[in-house]
Amino acid sequence: MKNIISKLRAVPLKRKLQVVTAAVITIAFAAVFQSYAWFSEQKKAAEMFKVKHPDLLYLNAAHGEDQIYFNLGNIDIYLQDENGNFVDASGNRLADGVPPVRATNRYVFSVSGSNTTAFTLQLAYTTNNDLEYRVYNAAELDTEPSGDHVDYVLHEDDPSTASVNEASVETHRYYTKGSQVSFNKMNPDSTNSHLALADSSNRYYSANYGSGSLVHENAVPMYEQGSVSTNTTDEFCKYFILEVERAEENSNYQLDKETDIVYISVEKNNT
Amino acid sequence: MKRFISTSAAGSAADDNKNRKKSLIKFGILAFLALLVWIFSTIAWFAMNDRVSADGMNVGVAGMPFKIAAKGSRVRYSDEITAARSDFSFGSSGSYVNSSNVSGTYYTDTDKLILRFDAATDGEVKPGDSGVIEFYIIPTADGDITANISLDVISFTGGSDDEELTEITASYSGTNAAETIKAADYMRGHIMFFREPSSSASYTYTGALTDRTLPVSIPNAVHDVAYPVQIHWMWPKTLGQLALQTNAAGLRPASNIPVIQETAPATVGGVKNDKRLVLDYLYSERESVFKFDSTSTYTGLDTVIDSADTQANFELLTDGYNDADSDIGTYVSYFLIELTVTA
């Protein structure tokens, strides 16, 4: 012990200072650690939530193909053969004086998406040719059914059916007509149901033309809306057949007009 | 000769012993100092763990003067939260009274608590949804209580049958990693916190907690009484609810009631009103609130935000807000609101 004391005495001042400094720093560090521990004391609480998948809604051609393939092309007003003669439903030429038979044009489109329990299907069309538009629910089939159906040739490669000689293989889908989707006419002219209401107080009219009144009556779009339920919050794909046919004979309409516009739009219903 | 050698050998052995003793003493002192340091730091380490002081080791660290508790019949996404946070627990149930002296069952006695609620279903959260995070402070002694709560929103991906629930951290490396990490950021930016719930039909929340902290003070708290703390959260549906000062331009549908009071942003006596707070938040957190393809869009966004009722500004901001929402829905499957309570 004596030895140690004498040894300590023998330590030069510089060394002593170093030792004292080291000790102070050590104690300070220890104190800091303890205070830090005190400061860092905390309690935590948490609650978990699930994020809903975004609401999606797509409007496509048949089989979910791109919209570009929804092609109305030429709409036939009456049944005609390739030579332009009026024919009946069986393709037999009509006798002179027999009124022509109206043609029914059918086109398939699809609405798909997710998290949509119901959506509103809207048709907006001009009334140039007095065409009548009807929408039916449709079912898609891989094999051709014996009954009435719409034949659709796929444009996009289907890997499940693609063969070596792809160019010569046409993949078909067949659509059969189901129940008709009921539409409400949003802006019919009450005196002439074939025309849209051109009243400036009507929001459908004023949304398009403001207070302008010099709009041709057949260019004012007619809006029809129908609600379709998907009965699921999961992904879905529903097919529809759009039937286009000339409305009942109407003396107001001539057959020399060429253009009509029909818009199909879908909106998710708030549920 | 032989003897000399042996004598000399004996002498060197004595020297060796001396040296050995010297170094032993040196080593001993060093070891002792090291032990001291080790003990101090170990105490500090133990002190960080609340259970040690609870066990009565009396290391002299003052614990928090309260416990936190949860109340309610159900835990939201119980399986997912236990998978996401294995160090959290449901706590143990006990009977406590509230400040009106009504007794009830509370879940407490854990420092990492899973909160509870009473609604019938879990429900999935989407833009436009809102809710309340509720927990209780139960003092362990009489006296004033002050605490600070910081709020965080942590996002997860997966959690379905074929995909494991994974926290989206900055180092997340799953599929679409960059988009997913960014979506977690949008999630944090789009969940907003408020102190007070809707107080009238004309606007919804007051007391925007845009810095995601909430100071809590309970004067004259009584021990073993459960004091509720509520934090209201909202995922605003449209930007118009947040950014417009009024709906004069008609940019917001009538049913989209504003998130906060419709007023001009103002700072009175150094205190910002809610509109100023939220607009400042939209700017300071702009990269977490809006998704723009070009990074240059973010610069100078404050003037755009301040005059959001200009059609062009509104459209730009709305697109950014909705695109961010869409990314959240696509890449984030769950999110956790985590509260850190410090004394």
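Bear in mind that the values in this text are calculations on the coordinates, not laboratory data. Remember, predicted model here, so these are calculated numbers, not experimental data. Glycine also receives a Cβ, built like all others from the backbone with ideal geometry; neighbour counts cover every protein chain displayed.
The table below lists the values:
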quantity: Neighbouring partner chain Cβ atoms per residue of B:333-339, average, 10 Å criterion; calculated: 5
quantity: Trypsin sites (Lys or Arg not before Pro) within segment B:84-138: DSSP coil, no more than 16 neighbouring Cβ in 10 Å; calculated: none
quantity: Normalised contact order of chain A, rounded percent, pairs of Cα under 8 Å and 6 or more residues apart; calculated: 27
quantity: Rounded to 10°, Cα long-axis angle of helix B:2-48 versus longest principal axis of chain B; calculated: 20
quantity: Folded to 0 to 90 degrees: helix B:177-190 orientation relative to chain B principal axis, Cα; calculated: 70
quantity: Segment B:66-342: relative contact order in percent, alpha carbon pairs under 8 Å with at least 6 residues between; calculated: 23
quantity: Violating pairs (Cα-Cα greater than 20 angstrom) within the set A:K50/B:K182; A:K268/B:K275; B:K126/B:K291; A:K52/B:K112; calculated: A:K268/B:K275; A:K52/B:K112
quantity: Loop-located GluC sites (Glu not before Pro) in segment B:105-165, at most 15 other Cβ atoms within 10 Å (DSSP); calculated: B:E164
quantity: Residue with peak Gaussian network fluctuation, chain A [Cα springs, cutoff 10 Å], from A:S110, A:S213, A:S90; calculated: A:S90
quantity: Nearest-0.05 FRET efficiency for B:F90 and A:A207, computed from C-beta distance (R0 45 Å); calculated: 0.25
quantity: Per-residue [θ]222 nm for chain A (sum of -39500 (n - 2.57) over DSSP H runs n ≥ 4, rounded to 500); calculated: -5000 deg cm²/dmol
quantity: Amide H partners (placed H, <5 Å) of B:A221, local residues excluded; calculated: B:G143, B:D144, B:I145
quantity: Built amide H within the under 5 Å cut-off of A:H194, gap 5+; calculated: none
quantity: Point-charge dipole on Cβ atoms (K/R +1, D/E -1) for the protein assembly as shown, about Cα centre, debye to 20; calculated: 6880
quantity: Prolate/oblate/rounded label for chain B (Cα gyration tensor, a/c 1.5); calculated: prolate
quantity: Residues with amide H under 5 Å from that of A:K44, placed H, sequence gap 5 or more; calculated: B:K112, B:L113, B:V341
quantity: Cross-link reach list, aspartates and glutamates versus A:K44, counting only Cα pairs under 20 Å and skipping chain neighbours closer than eight places; calculated: B:D50, B:D79, B:E80, B:D87, B:D109, B:D111, B:E134, B:D152, B:E167, B:D211, B:D224, B:E338
quantity: Segment A:65-197: relative contact order in percent, alpha carbon pairs under 8 Å with at least 6 residues between; calculated: 21
quantity: Between 0 and 90°, nearest 10: helix A:13-39 axis offset from chain A longest Cα axis; calculated: 40
quantity: Shape category assigned to segment B:170-226 from the gyration tensor of Cα positions, a/c cut at 1.5; calculated: oblate
quantity: Gyration tensor (alpha-carbon) shape descriptor, segment A:56-268, a/c threshold 1.5; calculated: oblate
